[in-house]
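Only one structure is covered here, and it is reproduced in the block below.
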Amino acid sequence: MIAIGSDHGGYALKQELMAHLDKRGLAYRDYGTYSEASCDYPVYAKAVAQAVASGECERGILICGTGIGVSITANKVPGIRAAVCGDCFTAKATREHNDANVLCMGARVVGAGLALMIADTFLDTAFSNDERHIRRISMIE
Ligand code: RB5
């Protein structure tokens, strides 16, 4: 199960992402926001982060205008490793090296085509399980 969430700035892109996940047959839960009305991104970032940290969902995807506000919020939740990605290389590397469990994107930064490729890369890439990366992640904790 994938937890997804956005603020008003990421709402339209989140709709495209959900349609894409539907096409791929990937299950997700939408933690809001549910309209383009102005709202506070920490509410939705915290809900998605808690869903992932609790084990209710395996991964999370958060979208705001820049990806920054949701990532700062999500990373406050113990056990969350949220990464802002604006390209596929970073999305792949953060899965392989950081075992990132929440992807953050900026809807005012990346277009929908790129955002969907970044999401696919993030969801389809496994953690490397290399000893050095395990050690470094445990140092973060
Ligand atoms: C909302 O205007 C904007 O501040 C928000 O989407 C995000 O970019 C914050 O980091």
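Here, each number is a calculation from the coordinates, and none is a lab measurement. None of these values were measured; they are calculated from a predicted model. Here the Cβ is made from the backbone with ideal geometry for all residues, glycine too, and neighbour counts use every protein chain on show.
In the chain, the longest principal axis of the Cα atoms and the axis of helix 131-140 are about 60 degrees apart. Of the trypsin sites (Lys or Arg not before Pro) found in the stretch 51-141, the ones in coil according to DSSP and having at most 14 other Cβ atoms within 10 Å of their Cβ are 76, 108. Pairs of Cα atoms under 8 Å, at least six residues apart: use those to get the relative contact order of the chain, whole percent. Relative contact order, the chain: 24 percent.
Simple point charges give the picture: +1 on the Cβ of Lys and Arg, -1 on the Cβ of Asp and Glu, and for the chain a dipole about the Cα centre of about 200 debye. Our note on the geometry: Cα centres of the stretch 47-82 and the stretch 102-116, 15 Å apart. Sorted fewest first by neighbouring Cβ atoms within 10 angstrom, 103, 21, 26 come out as 26, 21, 103. Backbone geometry of the stretch 9-20 corresponds, through the Karplus equation with coefficients 6.51, -1.76 and 1.60 at θ = phi - 60°, to 3J(HN,Hα) couplings of x, x, 4, 5, 5, 4, 4, 5, 5, 5, 4, 5 Hz, x marking Gly and Pro. Spin-label model, residue 35/residue 128: points 7 Å from Cα along the beta carbon direction are separated by 4.7 nm. Residue-wise HN-Hα couplings along the stretch 106-113, as the Karplus relation 6.51 cos²θ - 1.76 cosθ + 1.60 with θ = phi - 60° gives them from phi, are x, 5, 8, 10, 10, x, 4, x Hz; Gly and Pro carry x. Over all orientations, the stretch 1-123 has a Cα convex hull whose mean projected area works out to 6.2 square nanometres. Backbone amide hydrogens, once placed in the peptide plane, bring residue 39 within less than 5 Å of 8, excluding anything fewer than 5 places away on its chain.
With neighbours defined as other Cβ atoms within 10 Å of a residue's Cβ, the residues 71, 138 order from fewest to most as 138, 71.
Backbone amide hydrogens, once placed in the peptide plane, bring residue 84 within less than 5 Å of 104, excluding anything fewer than 5 places away on its chain.
Shown here: the stretch 3-68, whose C-alpha atoms stretch 29, 27, 18 Å along the first, second and third principal axes, sorted largest to smallest. Of the chymotrypsin sites (Phe, Trp or Tyr not before Pro) found in the stretch 1-89, those that fall in a DSSP loop while having at most 15 other beta-carbon atoms within 10 Å are 34.
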